[in-house]
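A short write-up of the structure that comes next.
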Amino acid sequence: MHTVAVLSLKGGVGKTTVALGVASAALRRGARTLVADLDPQGNATTSLDPPFTDRTLADVLETPVRSVLERAIAPSVWSDQIDVLVGAEELEMLNEPDADSRRLENLSRALDELHTNPLREEPYELVILDCPPSLGRLTRSALVAADSALIVTEPTMYAVSGARRALDAIEKIREEQNPGLRPIGVVVNKLRVRSYEHQFRVAELRENFGPLVMPTAIPDRLAVQQAQGACSPIHEWHSPGAQEIALTFNMVLAKVLRSSRAGRHRVRGEEEPETTAEESAKLSDTGTG
């Protein structure tokens, strides 16, 4: 089970769009996935439209036990292959800036429980943590629990500084609490390819962060808002813009799954296969369906 935190320390960059796009690519690939909605705005939960639960992620972060966890997870409207660890506005009350290390580990404990004792016969292959645009307890808990981190930015004058702050946060958590955590990429979202300013900012990002910047940016397309509004995976939204974006998310997912280290949340001694070149090629071929 690989856990990836999707984060940005600046709001409005489309972080949830990327989290849902990766989930959509995982669904197309057939990978059983859990989306944990740590953002108090709850946009991922809204788009995945799970049935009502009498517990949420806020309860799990306070009491990470099996009985609470089971009642906070529900299937998405997308598919029974995509589950939601349901978000709530109450998460905002837990987002204190100086939570102690034990409280920061509660999400990790919950995910360890899911790995050791899956809710169903088929365990999760991927867990996506959709973080809020701040560095309080919620994002830090995600980084403590994650195997890898995906940074989302947009091509504006604030892009470099925002990505740098996110990388610094990842490095601090890696040094202090999660030595296996590593950044796997900076995803540029909302790119307008004909904008000189956007092209300049993408070049600036590449100059500063090199190969960490994903080779393909996510274009600014109306299809994203249309699919989210319809509670539909982007891979099932059949328009030219949606197909273009779906291919990009396939490549982002491939990079996540090519991570050289296996997931932290595993029974000792288990082995997980790496994504093969053949599987990666298949990912690039499945976005236009």
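The values are calculated or read from the model by the stated rules, or taken from the named source; none is laboratory data. Keep in mind the model is a prediction, meaning the values are calculated, not measured. Virtual Cβ from ideal backbone geometry, glycine too; neighbours counted across all protein chains shown. Ligands, DNA and RNA are excluded from the accessible area calculation, which covers all protein heavy atoms including side chains. Shrake-Rupley method; radii C 1.70, N 1.55, O 1.52, S 1.80 Å.
Quick notes on this structure:
- Within the stretch 111-143, being open to solvent by 20 Å² or more (accessible area, probe 1.4 Å) and either touching a Gly at 6+ places or on another chain (Cβ under 7 Å) or hydroxyl-bearing (Ser, Thr, Tyr) (or both) holds for Thr116, Pro133, Ser134.
- Residue in the stretch 115-135 that is touching a helix residue (DSSP H, G or I) at 6+ places or on another chain (Cβ under 8 Å) and part of a helix (DSSP H, G or I) present: no
- Residue match in the stretch 67-86 (condition: crowded, with 24+ Cβ neighbours inside 10 Å, polar (S, T, N, Q) and at pLDDT 90 or above): yes
- Looking across the stretch 176-217, the residues that are assigned to a loop (DSSP other than H, G, I, E, B) and of a type in the set (Gly, Ala, Ser) come down to Gly180, Ser195, Ala217.
- Residue in the stretch 99-110 that is closer than 25 Å to Leu257 by Cβ and surrounded by fewer than 23 Cβ atoms within 10 Å (Cβ to Cβ) present: yes
- Any hit, the stretch 54-62, residues being open to solvent by 20 Å² or more (accessible area, probe 1.4 Å), at pLDDT 95 or above, farther than 22 Å from Thr153 by Cα and among the hydroxyl-bearing types (Ser, Thr, Tyr): yes
- Check on Ala169, more than 24 Å from Val224 (Cβ to Cβ), at pLDDT 90 or above and either touching a Phe, Trp or Tyr at 6+ places or on another chain (Cβ under 9 Å) or among the aliphatic types (A, V, I, L, M) (or both): yes
Rundown of residues vs (1) over 17 Å from Val224 (Cα atoms); (2) touching a strand residue (DSSP E or B) at 6+ places or on another chain (Cβ under 7 Å); (3) in a loop (DSSP other than H, G, I, E, B), yes/no style:
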position	(1), (2), (3)
Thr3	yes, yes, no
Gly12	no, no, yes
Val18	no, yes, no
Gly21	no, no, no
Val35	yes, yes, no
Thr46	no, no, no
Val68	yes, no, no
Ala74	yes, yes, no
Trp78	no, no, yes
